[in-house]
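Each reported figure results from applying straightforward, stated rules to the coordinates on display, with no laboratory input. Note that the structure is a prediction, hence the values are computed from the model and not measured. Cβ placement follows ideal geometry from the backbone for every residue including glycine, while neighbour counts extend to all protein chains displayed.
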Amino acid sequence: MLIAIQGVRASFHDVAARQVFGGETVEPVECSTFRFLCEALKNKKADFAIMAIENSIAGSILPNYGLLQSYGFKILGETFLRIEMNLMAMPGQNTSQIKFVQSHPMAILQCQEYLATLPDIQIIEASDTAESALEIAKHKRPGHAAIASRLAADTYGLEILKTNIETDRSNYTRFLTLCRSEDYKTPTQANKASLRFETSHAPGSLAKVLTLFSEHELNMTKIQSIPILGKPYQYGFHVDLEWDKPNLYKDAMNRLAQETINLNHFGEYPRAQRPGI
């Protein structure tokens, strides 16, 4: 099964793909950017795609909401992955020998407290966590360490010098499983949906929509305003909804179409257990 991921093999996207498709043989389709990931799925170079959409520390990945809209993909499911950062280097070294640490800027930011304990190191920002590990292994660079997943160390033959170096252990990323719209079938036991809509510029227009959700016992787990291209300072809304009563959800969607503009359903899918809930 070909799965488009952002980053190289053993990136956190790859870890998430293996978590989602645990019973399948997964062959990652490596994509350097999220747009290339979407192109791979669109052009049938991959069967599915795994896309990060939000992080419990960094928040929403806003450009990816725009990509969902422009490519018209459907969401088949979601998964939450705890992001565990590890310091790794060529075998036989210890932390006192490390002079350079490289990784994605977000990974570096999330490990600031630990990095402050390493004397006289130089931080190098890179495009991907796993690619940092690959580069060190490929060029056999002593004195260099990467911050990446345990899978990256196993894949590229590096030795983990320190595990769980992230400052906040409650660090989770939510990933979406995407498919082409023509391949989409509503999964069984679907009880969550992702939508995008606009409201009129009238007092209380958004409040009416939120009241509609409440009246139909829909739990809104996410609301994100998205700029509308070509319309400065006008916004659409991306919302995630959960429900326990399918009949109330269906009735709410019929009414929502009358209360909003440019309503777009990205898909209905089984909700995953949210961390800490």
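For the residue pairs Lys138/Lys222; Lys222/Lys245; Lys45/Lys192; Lys44/Lys250, the alpha carbons lie more than 30 Å apart in Lys138/Lys222; Lys44/Lys250.
Add -39500 (n - 2.57) for each DSSP H run of 4 or more in the chain, then divide by its residues: what number comes out at 222 nm, to the nearest 500 deg cm²/dmol?
Details: 9 runs with 80 residues, N = 277.
The per-residue figure over the chain is -8000 deg cm²/dmol.
Taken one residue at a time, the phi angles of the range 7-14 give Karplus couplings (6.51, -1.76, 1.60, θ = phi - 60°) of x, 9, 3, 6, 5, 5, 5, 5 Hz. Gly and Pro are set to x.
Here Lys231 is the anchor, and no lysines lie within straight C-alpha reach of less than 22 Å, apart from those fewer than 8 places off in the same chain.
Hey, how many Å between the Cα centroid of the range 204-259 and the Cα centroid of the range 152-179? Their Cα centres are 34 Å away from one another. The relative contact order of the chain comes to 23 percent, based on Cα pairs under 8 Å that sit 6 or more residues apart. Using the Karplus relation 6.51 cos²θ - 1.76 cosθ + 1.60 with θ = phi - 60°, the per-residue 3J(HN,Hα) values for the range 249-262 come to 4, 4, 5, 5, 5, 5, 6, 5, 4, 7, 9, 10, 10, 6 Hz, with x marking Gly and Pro. Each residue of the range 70-77 was assigned a 3J(HN,Hα) from its phi angle through the Karplus curve 6.51 cos²θ - 1.76 cosθ + 1.60 (θ = phi - 60°); the sequence is 6, 8, x, 6, 10, 9, 9, x Hz, with glycine and proline shown as x.
Can you say what percent of the DSSP beta bridges in the range 71-183, counting only those with both residues inside, are antiparallel? Round to 5.
Antiparallel bridges make up about 70 percent of those DSSP assigns within the range 71-183.
Between Ala148 and Asn86, Met88, the built amide H atoms are under 5 Å apart, and every one of these is 5 or more places off in sequence or on another chain. In loop segments of the range 203-277 as defined by DSSP, the chymotrypsin sites (Phe, Trp or Tyr not before Pro) with at most 16 further C-beta atoms inside 10 Å of their C-beta are Tyr233.
Net charge near Thr186, counting Lys/Arg +1 and Asp/Glu -1 over other residues with Cβ under 13 Å of its Cβ?
Numbers: positive: Lys74, Lys185, Lys192, Lys250; negative: Asp183, Glu268.
So the surrounding residues net to +2.
A Gaussian network model of the chain, with springs between Cα atoms under 10 Å, assigns the largest mean-square fluctuation among Ile123, Ile147, Ile83 to Ile123.
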